[in-house]
Structures are given as C-alpha cells and as structure tokens.
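The values are calculated or read from the model by the stated rules, or taken from the named source; none is laboratory data. This structure is a prediction, so every number in the text was calculated from the model and none was measured. FYI the Cβ positions are ideal-geometry reconstructions off the backbone, even for glycines, and counts take in every protein chain you see. These area figures cover heavy atoms from the full protein model, side chains too; ligands, DNA and RNA do not enter into them. Shrake-Rupley method; radii C 1.70, N 1.55, O 1.52, S 1.80 Å.
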Amino acid sequence: MTFSRLLALCLLAATALQGEAQPYPSRPIRLVVGFPPGGAADTVSRAFQEPLTRALGQPIVVENRPGAGSSIAAEHVAKAAPDGYTVLIASPSSILVNPIITPKAGFAPQKDLIPISKVSSSPLILAVNPGVGVDSVKELIEHAKKHPGKLNFASSGNGSAPHLAAVLFQRLSGVEMVHVPYKGGAPAVQSVLAGDTQLAFATPPSVLPLVQAGRLRALATTSRAATPLIPGVPGMGEAGLPGYEISFWYGFFVPAGTPREVVRRLFDATSLALKLPETARMLAREGTETSGSATPGSSEASSPRIPSSGPAS
C-alpha cells in the first residue's frame, strides 16, 4: 500500500471517529407541527421552544407542515433519519385515529414512531358564533333538533380531536350537524368567527382570545365539570349533557430506530422544561396545563371513546 493511500485511509478513519464522537445534539433540532401557526400544537411547541433550546444547547426550530389532520407531518417525521434531529409534536388523533380512517397512510405510527414524553393536557371548548342566538348547551341542542343538518361545525381535520368531540356530542345529544374540516385549528376557528360555520369544538389556544374578546361564545368545556384552566365556562355535565367527556393531550415523538441515549437526552430535556414555572404559566394563559410522562416511551396514546350509534360526520 502506498504512503498516499495509507494517509488517505487514516484521514477517512479520523473523520469518521470524529463524527461518532460528537455529542448529541451538535446542530439545530426541528420540531415538526402538523398544523398552521396559531393553533394549539403550534402554541405548545413555541412554549417549549426556548426551554428546550437552553436544556439541549442547540436551537429548536419549529416547522409547520399542515395537512391531512397532521398525518403529513407525522409521516414526514416517521420517514426522517432516526438521529434525534427531527421531532414530532402529536396528539392521539395523529398517532391513533388518522391511520385508522386513512388506510393508505404512508406510515404505521405504532411501528414507525417512538414516544419521548407527554407534554400538555387540556379540555376542548365548545364555541359558537353569537349570531346562532344560543347561550347554553341546552339551547344549542334544542336549536339543532329544530333545524337538523343546518348547523355546520368546523374542525382541524378529519379524525382530529375537535372532529371526534363533535361526533360524540351529536351521538349523545341526538342532533345532526354538518362537518366542515380545515387544515388546522386556527382556520377552523376563523370560519366560525366569519360565520361560514356556526360552531367548533376548539383547542383553548385557538379560541380563548376570541371568547375573551366577546367575538365568540363559549358554551362549555369538554370536561365533565368546570376547570380552573378556563374560568367561567361550565363543564359539559354541568351544562346539560351528562356522560360527555373528552380530554386532549400533546406529546413528542421521534422516528423508530432513534438511539436509546438520544431518546433519553430528549426526555430529560423535556422533563426539565416541564418543571419550569415559565412553561406552566405560558400554557396556563392558553387554557392548557403541563403534563409529562414518568419515563421515556410512557406517553401512551389514549383516544376518546366514541359510541357506536347515532349520526356521524
């Protein structure tokens, strides 16, 4: 072997060893959101952006990839390199529900994604356009029964938590409404504000500012009883629909095959961020609370139960 070839091999080996020795993370990390800016997933992501940047020592770049009820973002992350530099924020709808209602989805979440940690939890808010002329859940049900199929409800996409919340509402109350899916919570709520649709089961960050400004009317939360997260708004049981309850959470996920030590590093950084009072305060302003996992991989998905009879959308 010639000297020049031996030198080249040594340099190649040294470069490879240097690359292997680089601690994680050594470059910015992308946090992929399956909805447009302004919705709950985007709001929660940005609440964790700065704390995670400090904990990991590298910038967290929030990247919005809306569409297909967040399935586009989930598939993108599932097919990304399993190196810890592409992280998904997701809810039960994108992890469990969407793959069921979209059989040709290009990924299998239970196989292709690894959970890092649960990060937030909140109820949804049933909000209506004031022009509908109802002030309570009971009045909304009476109105919908008098005008079957005339009320349109907006959601952040087929199979999303707001969609499932409305389906459950229809089946328990015996009303029939028309589903109008959008690419995210923010455009869905804007449609209610504009009067293109009449109501939505919306995430608190996307709807609370409009409720507080008096531009939309909050009739109930999807918890059974009132929650201090959303003062002044009754729970669904108190509002006249006993037996109704849906909670909603977000968690962080990475591609399957991501090294265990990288998963642990992300989990530890997320746990630190969850303990910060500033994170809790930022989410509380949006009607959401921090909610973590005990260990990496324990952010088990829990989809809301949907009864099997009644009108569906």
(message) Explain nothing, just compute: Karplus ³J(HN,Hα) = 6.51 cos²θ - 1.76 cosθ + 1.60, θ = phi - 60°, for every residue of the stretch 150-166 in order, whole Hz, x for Gly and Pro.
(response) 9, 8, 9, 10, 8, 9, 8, x, 4, x, 6, 4, x, 5, 5, 4, 5
(request) Would you mind putting 257-266, 41-50 in packing order, based on average other-beta-carbon counts within 10 Å, highest first? (result) 41-50, 257-266
(message) Per residue of the stretch 265-277, what does 6.51 cos²θ - 1.76 cosθ + 1.60 with θ = phi - 60° give for ³J(HN,Hα)? Whole Hz please, x for Gly and Pro, Karplus curve as stated.
(response) 5, 5, 5, 4, 5, 5, 4, 4, 4, 5, 7, 6, x
(message) Which aspartates and glutamates, if any, have their Cα less than 18 Å from the Cα of LYS146, not counting same-chain residues under 8 positions apart?
(response) ASP135, GLU176
(request) Return the carbon/sulfur percentage of the accessible area of the stretch 200-287, one whole number, probe 1.4 Å, all protein chains in place. (result) 54
(message) With just the Cα atoms defining each centre, how far is the stretch 21-43 from the stretch 248-274? Give it in Å.
(response) 12
(request) Using just the alpha carbons, could you tell me how many Å³ per residue the convex hull of the stretch 81-201 encloses? (result) 128
(message) What distance in nm lies between label points placed 7 Å from Cα along the C-beta direction at HIS147 and TYR24?
(response) 5.4
(request) With no solvent and one equal point scatterer placed on each C-alpha of the stretch 197-284, evaluate the Debye formula and give log10 I(q)/I(0) for q = 0.11, 0.12, 0.14, 0.20 Å⁻¹, two decimals. (result) -0.49, -0.56, -0.70, -0.99
(request) Show the residues, 5+ positions off or on another chain, whose built amide H is closer than 5 Å to the amide H of ILE114. (result) VAL254, ALA256
(request) Name the residues whose placed amide hydrogens come within less than 5 Å of the amide hydrogen of SER293, ignoring near sequence neighbours (fewer than 5 apart) on the same chain. (result) LYS118
(request) Could you go through the stretch 133-138 in sequence order and give the Karplus-derived ³J(HN,Hα) for each residue, using 6.51 cos²θ - 1.76 cosθ + 1.60 with θ = phi - 60°, rounded to whole Hz, and x for Gly and Pro? (result) x, 10, 10, 8, 5, 4
